[in-house]
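Taken together, the values in this text are just the output of simple stated rules run on the coordinates, not laboratory data. Every value quoted in this text rests on a predicted model; they were computed, and no experiment measured them. Here Cβ is always computed from backbone atoms with ideal geometry, including for glycine, and neighbour counts include all displayed protein chains.
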Amino acid sequence: MVGRLGPFRVYCRSMSLETSERRYFDWASTAMPGGISLDGPFGNPSSRHREGREARIALERARETCAGALGAAPGQIYFTSGATESNALVLFSRLLQQSRGTILFSGGEHPSIRENCRALERLGKGVGVIGIDKTGRVSPETLGRALKKYPDARFAAIMAVNNELGGVSDLPVLAEILREKGIFFHCDIVQGLGKIPIDLALMDSASLSGHKLGSPRGIGLLYLRKALVPLCAGGGQEKGIRPGTENVAGAIALGEYLKLRAEPNLIQAEYTKAAERFGLLIAGLKRIPACVLIPEDRQEEDSRFSPYILQAACRGIPGEVMVRALDDAGFAISTGSACSSGGKERPVLQAIGADPQTSLEGFRISQGWTTAKEDIQALLGALQKIAVQWGKK
Amino acid sequence: MITFLLKLGELTLKGGNRSVFERALRENLRYLLKNEASVKIIPGRGRFFLRCPEEIRPRARDALGRLFGLSGWAETQVLEKTEAAILRACVQEGRDLAARGFKTFKVEARRTDKGFPLDSYSLCCKAGAAILEALPALKVDVHAPEGKIHIEIRERAYVYRNAEKGLGGLPVGTAGRGMLLLSGGIDSPVAGYLMAGRGLSIDASYFHAYPYTSEEARQKALRLGKILGSYTRGGIFYSVPYTEIQQRIQKAAPQPWHTLLLRMAMMEGAEILARRQGAKGLITGESLSQVASQTPENIASTESRVSLPVFRPLIGLDKEYIIRLAEKIGTYETSILPYQDCCALFSPAHPVLRSKPAEAMGLYEGLDLKSSVEAAIAAAPGEQI
């Protein structure tokens, strides 16, 4: 039997795993599209002619929309290609700082913070890690320990919601500690935006990406309470902070999504529904003998966590294998950050002290606004089946 | 039209059945040139000739570089057998060498036509003199010349420079078919290549354990198969689903034996497939003592289920040497891509090192895998490589 295509599909079908219906549980890596199309005046906002002026007006209107939705001033909003760029922008501006103080970042940060801090270290900057507890959060205790170890700290990057575990750091408390010490507080709010209330007044800078809200990829923003001097120069756009011809259509879309999603009442309403769904999920996972939650003591109702992200493991099944098995069954999940999926390491799980076995087996389920209870039930059913079929006997 | 002179290798040692080998060589070359109509392959004693339009040159060069059975080859000038023509041709080759920055040269001549007035030695001297006169910047070095100019006097006269080294070996297919146990690693493709060089045409079997192993890993193995296929007149790549077998071994057998028992099952499966395809032997990339499953005792256990001969061309080779071969044949870069073809879950922490075949056999038979193996082989789709 010589076939040209898909011997794997043939195999999967024979194992009754394949289905054409898809249920998406990887919102933490990207949201399902929200349906607002990317459109706007084509002109270059820096041009003097009418087309340019129209684009400029649209861009500034989008900026106002974003600022209004976030509770900031338009002059504090800078459009970028996404949070990765925003994070890098803030971090590398530290190279131009005269201060020799240590740059701190939490052990649970996204690679765009963690790896850039490592790069700064190689460039001669002092760098230190703020410990996280087993929920992935920075606590006043772990922050205190870091500040004691690095008394000269001048900068701290602490994410609002951990993207692998879902842990929500208590930002008001942490912000207060940092403000007292005069430490610049950068907050990656990517996983918190539109899902939990975020108060930009607590932070000196913040980064977000539009595609976590459902906008097309390639647009995000950087919030800066005060302007900084960036490392990279160019045509002077965005007050020189983020040079490059502006993505007007992207900015307009981002504004629309922020207006929609960052509305406090909506956040609260969606939070309640999401918490209910994940409550069902957690209860269901606890009933599957081979499954464990990470951390194990996560409750059905647990204010330490965002109800949109959950990490679990099924004993005897490596996380990657679970991803494949669920994929064949019609479910999209992931192991860790999509950005680190290429590698086998799970630095965040290691940072919370998970043993190698758990790190290998960990997988992430993340939901969004269109996730239904029925999807959760179906996922639990598939997990049960896979645990029996592939798991440790 | 251009002409390539092909030097036949080991097949010239064959006796009465030499024509079988020569025919295979011709057919293999035609296959490598994708049955290009404008190409003519002219057999001769000890030398074959390939004539093709000039625009086919790159394809011809590629094909000749993948053809087992040649000891060497070169693009050659074809001339009338006169001294003047030969010397002119030699000077032209010398000019070409000089243009490419060669500083020293040597002329080598051989003649099968003993009726030709000049003997080999005289030919060399005259040609050398002519080249030196035309190109005074060049120097003769008979010990370690940078460039070599060859003259061959046969039914025509041939002049060429810097013959390419051929792959050697015997034409693919002259020894029958072999079934290669192909993994995504560095070793097994090299093993397949070496056995193809001894005349085996190659089919490959890849044992996967989806979803424990990924589709990317299978694609990687398939890519390796295709690279190998470019030397071996293609073949069929079988993806054999061994997930259930892996799981049964994991469930029922002691952990230190898992890898070994799996390898026994793979050999059994490969043999069933080999017999179905008419293959005469199995081929593996085993190299003695390289990993735990490749101690002498474990190799004996691994093959205890099969009766076809198992060819292990790498058994006595160092890893470094194998890597160099892999680089040469073009599989190394693909082999080192990070897609595992074995899940960490199934790799025992303390594998058995010195198994006794009788014990291995006993454990294996206790698992009663035969019908699962047969089912997996029957379900294995094949793809052309």
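Can you pull the percent of Cα pairs in segment A:40-172 with separation above 27 Å?
Numbers: 3170 of 8778 pairs.
I get 36 percent for the Cα pairs in segment A:40-172 exceeding 27 Å.
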Spherically averaged projected area of segment A:153-207 from its Cα convex hull (nm²):
3.6
Arranged by the count of other C-beta atoms within 10 angstrom, fewest first, what order do B:96, A:26, B:187 take?
B:96, A:26, B:187
Nearest 10 degrees is fine. How inclined is helix A:111-122 to the longest principal axis of chain A, computing both from alpha carbons?
60
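Over every pair of different alpha-carbon atoms in segment A:159-265, take the mean of 1/r and invert it; report that Kirkwood radius in Å.
Details: mean 1/r = 0.0663 Å⁻¹.
With all distinct Cα pairs of segment A:159-265 included, I get 15.1 Å.
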Could you tell me how many cubic angstrom of Cα convex hull volume chain A has per residue?
159
How far is helix A:373-390 tilted, in degrees, relative to the longest principal axis of the Cα atoms in chain A, given as a value from 0 to 90 rounded to the nearest 10?
60
Residues of type lysines that residue B:220 reaches as a straight line, Cα spacing below 23 Å, ignoring anything fewer than 8 places off in the same chain:
A:344, B:319, B:328
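Could you tell me what percent of the DSSP beta bridges with both partners in the protein assembly as shown are antiparallel, to the nearest 5?
On the way: 50 of 94 bridges.
That works out to approximately 55 percent antiparallel.
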Counting only residues 5 or more apart in sequence or on a different chain, those whose built amide H sits under 5 Å from that of residue B:147 are B:104, B:105, B:106
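Output the direction-averaged projected area (hull surface divided by four) of the convex hull of the alpha-carbon atoms of segment A:258-393, in nm².
On the way: hull surface 34.5 nm².
So the mean shadow area of the Cα hull is 8.6 nm².
Could you work out Rg/(2.2 N^0.38 Å) for chain B, with Rg from alpha carbons only?
Details: Rg = 25.8 Å, N = 385, 2.2 N^0.38 = 21.1 Å.
Chain B yields a ratio of 1.22.
Can you quote the Å³ per residue value for the convex hull of the Cα atoms in segment B:60-178, rounded to an integer?
129
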Classify segment A:80-236 as rounded, prolate or oblate from the Cα gyration tensor: take a ≥ b ≥ c as the square roots of its eigenvalues, call it rounded if a/c is under 1.5, otherwise prolate when a/b beats b/c and oblate if not.
oblate
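Given A:149/A:181; B:7/B:81; A:385/B:370, which pairs have Cα atoms separated by over 18 Å? All intermediate terms of the calculation are to be shown ahead of the outcome.
Working: A:149/A:181 14 Å; B:7/B:81 20 Å; A:385/B:370 27 Å.
Where the Cα-Cα span goes over 18 Å, the pairs concerned are B:7/B:81; A:385/B:370.
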Ranked by Cβ crowding within 10 angstrom, fewest neighbours first, how are B:284, B:302 ordered?
B:302, B:284
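Placing +1 at every Lys and Arg Cβ and -1 at every Asp and Glu Cβ, with all other atoms neutral, what dipole size does segment A:11-116 have around its Cα centre, in debye to the nearest 20? The partial results should precede the final answer.
Details: 12 positive and 11 negative charges, 62 e Å.
Computed about the Cα centre, the dipole is about 300 debye.
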Shape call for segment B:46-111 from the C-alpha gyration tensor, a ≥ b ≥ c root eigenvalues: rounded (a/c under 1.5), prolate (a/b greater than b/c) or oblate?
prolate
Run down the aspartates and glutamates and flag those whose C-alpha is under 13 Å from the C-alpha of residue A:226, throwing out any fewer than 8 positions away in its chain.
A:204
When you take every Cα atom in segment A:37-83, what is the radius of gyration, and what is Dmax, the widest Cα pair distance, in Å?
11.6, 32
In terms of the Cα gyration tensor, with a ≥ b ≥ c the square roots of its eigenvalues, is segment B:333-381 rounded because a/c is under 1.5, prolate because a/b exceeds b/c, or oblate?
oblate
Taking chain A as the reference, fit the longest principal axis to its C-alpha atoms, fit the long axis of helix A:83-93 to the helix C-alpha atoms, and give the angle between the two in degrees, 0 to 90, nearest 10.
50
For segment A:185-227 and segment B:1-73, compute the distance between their C-alpha centroids and round to whole Å.
67
Cα-only radius of gyration and Dmax that characterise the protein assembly as shown, units Å:
34.5, 105
Within chain B, what percent of beta bridges assigned by DSSP are antiparallel, to the nearest 5?
50
Which of the GluC sites (Glu not before Pro) found in segment B:29-129 are in a DSSP loop and have at most 12 neighbouring Cβ atoms, other than their own, within 10 Å?
B:80
In order over segment A:169-177: 3J(HN,Hα) from phi, Karplus 6.51/-1.76/1.60, θ = phi - 60°, whole Hz, x for each Gly or Pro, gives 6, 7, 4, x, 5, 5, 4, 4, 4
